[in-house]
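We did not get these values from a lab; they are worked out from the coordinates using the rules stated. Just so it is clear, the structure is predicted and the values come from calculations on it, not from any experiment. Here Cβ is always computed from backbone atoms with ideal geometry, including for glycine, and neighbour counts include all displayed protein chains.
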Number of protein chains: 2
Amino acid sequence: MVQKEYVTYNDVHKLCQEAAPRILEEFQPQLMIAIGGGGYVPARILRSFLKKSGSPNISIQAIGLSLYEQLPSTHPSRSNTPGEVEQPGTKVTRTQWLDLTSLGEMKNLVGKRILIVDEVDDTRTTLEYAVRELEKDVEAARQKLGVEGEKTVFSIFVLHNKNKEKKGTLPDDMMAEDRYLAARTVGDVWICYPWEAVDIDEHDAMAAKQNAAASA
Amino acid sequence: MVQKEYVTYNDVHKLCQEAAPRILEEFQPQLMIAIGGGGYVPARILRSFLKKSGSPNISIQAIGLSLYEQLPSTHPSRSNTPGEVEQPGTKVTRTQWLDLTSLGEMKNLVGKRILIVDEVDDTRTTLEYAVRELEKDVEAARQKLGVEGEKTVFSIFVLHNKNKEKKGTLPDDMMAEDRYLAARTVGDVWICYPWEAVDIDEHDAMAAKQNAAASA
């Protein structure tokens, strides 16, 4: 039986609060991209904690990605490499992408520091897809603008990273430069997020019980 | 002094849960459009409660609208009429609009039942803008497609409607057909949403105190 881990709304709030100073200091994001639906809640909370007095809010762009786990391939544990995400095993579908009209045809992303936000890094497939496709779009925009040397820097924030074999990979420079932050690293557990709870009081009670057991 | 009303995450969760059966029965939405940042959290929660077993999730498209209250005009209390939103007093700016590529150039909206989600209906300016602009885009897509009789039906869900003089107006048919649902109608109070709280435990304590006082 897969172990369940219950996370309350206030836990999510505090994980964002705890991460915010490091995000501000190390990533200095000028824009957030929330991967929906799971990234919506942490992105909105994080926006409050990233706001500096006197400055406007950091804008959030939402994208929608759905991960369909298909029939296992003959090598179910083999890692995907960039460009191969749609091989048997996993398929990412865009339900929403960036709105190019409000973004000024991507040029507002060129040379920016962008924080990608999601709730969980499970197989890493969705994050790989998001980073790769965003980098591709930004590079195309940069070339179109004829701008040299304006590097767009992506960083990632997730509430939970599952410590397991990943199918997706993230760019080497992102990992080397430590532009990846998970508020918590957990085992390969079933994380129960509050927005999926049918009975939120029972959900909170399960979380409290779990925390009491852990500290006993 | 403006009265403050503290709303906890679990309150928000329960307001969505309570509204879901009526939304399913009366609005039967096929798509949600979340007005960010405030609509992100209720839209994500609502998605869980709108899911029917065996059916896929209702997709969420996020749009970003910012309301800037400018210097008061000489007639600060006059209502805006459609087309006049940018007159002195209020100005809505798009920070994100629909992604036309994933939406198949709007044609996936034509003839659909669409639920617009936001956290609060305050002056109604943002909602007026959202409905008017979405209707305009859908009508343009419908004409382009040459489709007749496929009416797109918008409905609205907000957590709180402030019972006050509104600057914005919503379409007559929407109001006549009761396609507007506020989980709660409140006075012209300052609603403290949890995602804006610096200290979430204190926020919850204030909410509990307020509820105790109300039921005393």
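Structure notes:
- The range B:29-47 and the range B:146-183 have Cα centres separated by 15 Å.
- Per-residue HN-Hα couplings for the range B:37-45 [Karplus 6.51, -1.76, 1.60; θ = phi - 60°; Hz; x = Gly/Pro]: x, x, x, 4, 5, x, 5, 5, 5
- Packing-based ranking, highest mean first, of A:171-180, B:91-100, A:198-207 given that Cβ atoms within 10 Å are counted: B:91-100, A:198-207, A:171-180
- Under 5 Å from the amide H of B:Leu170 lies no amide H of any residue 5 or more positions distant or on a separate chain, with H modelled from the backbone and absent for Pro and chain starts.
- Furthest towards positive pole of dipole, B:Leu24, B:His203, B:Thr90, structure part chain B, Cβ charges: B:Leu24
- Shape call, chain B: gyration tensor on alpha carbons, a/c limit 1.5: oblate
- Shape class of the range B:15-56 from the alpha-carbon gyration tensor: prolate, with a/c at 1.5 or above and a/b greater than b/c.
- Phi-derived couplings, Karplus 6.51 cos²θ - 1.76 cosθ + 1.60 at θ = phi - 60°, listed residue by residue for the range A:189-198: 9, 8, 7, 9, 7, x, 5, 9, 6, 7 Hz, with x used for Gly and Pro.
- Across the identical copies, the 7 Å label point of A:Lys91, projected outward along Cα→Cβ, sits 4.6 nm from its counterparts, in ascending order.
- Proximity of backbone amide H atoms, modeled 1.01 Å from N, is registered between A:Ser155 and A:Ile114, A:Leu115, A:Ile116 at under 5 Å, excluding neighbours fewer than 5 places apart on the same chain.
- Angle between chain A longest axis and helix A:200-215 axis [Cα atoms, degrees, rounded to 10]: 80 degrees
- Rounded if a/c under 1.5, otherwise prolate or oblate - the protein assembly as shown, Cα gyration tensor axes: rounded
- C-alpha long axis of helix B:9-22 to longest principal axis of chain B, angle in °: 40 degrees
- Position B:Val198: other-copy label points at 4.1 nm, ordered by increasing distance, label point 7 Å along Cα→C-beta.
- Axis angle, to the nearest 10 degrees, between helix B:125-145 and the longest C-alpha principal axis of chain B: 20 degrees.
- Over 19 Å (Cα to Cα) - which of B:Lys91/B:Lys166; A:Lys4/B:Lys51; A:Lys52/B:Lys4 fall in this group: A:Lys4/B:Lys51; A:Lys52/B:Lys4
- A Cβ-based charge dipole, computed about the Cα centre of chain A with Lys and Arg at +1 and Asp and Glu at -1, lands at about 360 debye.
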